[in-house]
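Data block below; observations after.
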Amino acid sequence: MLKIAVPILGEDDRIRNYLEALTQTGAEPVTGKDICPKNCDGLLLPGGIDVDPSLYGQEKAPETEFDRALDDLQLDMFQRFLALDRPIFGICRGHQVINVALGGTLIQHLPTVKNHKEFSLHNDNIHACTAEPDSLLAGVYGTRFTVNSSHHQGVDRPGDGLRVVLRSDDGVVEAMEHESLPVCCVQFHPERMAFRHSREDTVDGSLLFRLFLKNCGLKAK
């Protein structure tokens, strides 16, 4: 069974949906802060709190909240998995961590935040997106599809080697793929569009977990 690292500090019930999605897709999640990358087949960077804006050269905005210890842990794990050429998948915060790790910047509070922030803890917003025709996402979902949304920040300048492959109708970067490395990331939440969280008004998020694990399996061989 493939082992997927999910680096977190202590117990965090907020990542339960990510762990469930990995388990349902046939992987064994490995959590915590003392993960050995050599013993794992891939890295999942989950959603969560904002990234420290000093890491991308900005002063903190009033709306920004961060945990620098978590930033340091996940940025270190990103570099270690990258050095091993292991697949990396980022979701929401993870999407932003990857961008910052590769030298990109973030918008600390989107001007169109009302289109992207969840209505409530258990009721995500939804919106349509357009994908680049030659992207992995287009291969899975086509070039036009609907996703959920629960964030107030977004990618500004993409990091080195990252290509924007999906945008919402208001221009927010919803997904990126690296030009040469096994790295991809999404701003939306596929774990809340999959398995027991499947919904009729969005695409099936489980397909992205299956694609990620397929890539991990190819690298593991």
For this session: Per residue of segment 149-165, in order, report the coupling 6.51 cos²θ - 1.76 cosθ + 1.60 (Karplus, θ = phi - 60°) as ³J(HN,Hα) in whole Hz, putting x for Gly and Pro.
Result: 7, 7, 7, 10, 10, x, 6, 9, 8, x, x, 4, x, 8, 10, 6, 10
For this session: Go through Pro133, Val147, Leu213 and say which Cα lies farthest out towards the positive end of the charge dipole of segment 132-221; charges sit on Cβ, +1 for Lys and Arg, -1 for Asp and Glu.
Result: Leu213
Exercise. What is the dipole size for the chain, taken about its Cα centre, with +1 at each Lys and Arg Cβ and -1 at each Asp and Glu Cβ, in debye to the nearest 20?
Worked result: 580
Problem set entry | Nearest-0.05 FRET efficiency for Asp156 and Arg16, computed from C-beta distance (R0 30 Å) | 0.50
For this session: Quick one: grab the alpha carbon gyration tensor of segment 2-220, order the square roots of its eigenvalues as a ≥ b ≥ c, and give me rounded if a/c is under 1.5, else prolate or oblate depending on whether a/b is larger than b/c.
Result: rounded
For this session: Would you please put 153-163, 59-69, 179-189 in order of how densely packed they are, using the mean number of other Cβ atoms within 10 angstrom per residue and starting with the highest?
Result: 179-189, 153-163, 59-69
For this session: Please give the length that would be gained between Gln79 and Thr143 if that part of the chain were fully extended, namely 0.36 nm times their separation in residues minus their C-alpha to C-alpha distance (nm, one decimal).
Result: 19.9 nm
For this session: Treat each spin label as a single point 7 Å out from the Cα along the C-beta direction, and report the Ala128 to Ser198 distance in nm.
Result: 2.5
Problem set entry | Table column - 3J(HN,Hα) (Hz), segment 60-66, Karplus curve with 6.51, -1.76, 1.60, x for Gly and Pro | 5, 7, x, 7, 8, 10, 8
Seminar exercise, completed: From the cross-link list Lys33/Lys60; Lys38/Lys117; Lys60/Lys117, the entries with a Cα-Cα span beyond 28 Å are Lys38/Lys117
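A short reminder: the numbers here are calculations on the coordinates, not readings from a lab. Since we're looking at a predicted model, the values are computed, not measured. Positions of Cβ are backbone-derived with ideal geometry, glycine not excepted, and every protein chain shown enters the neighbour counts.
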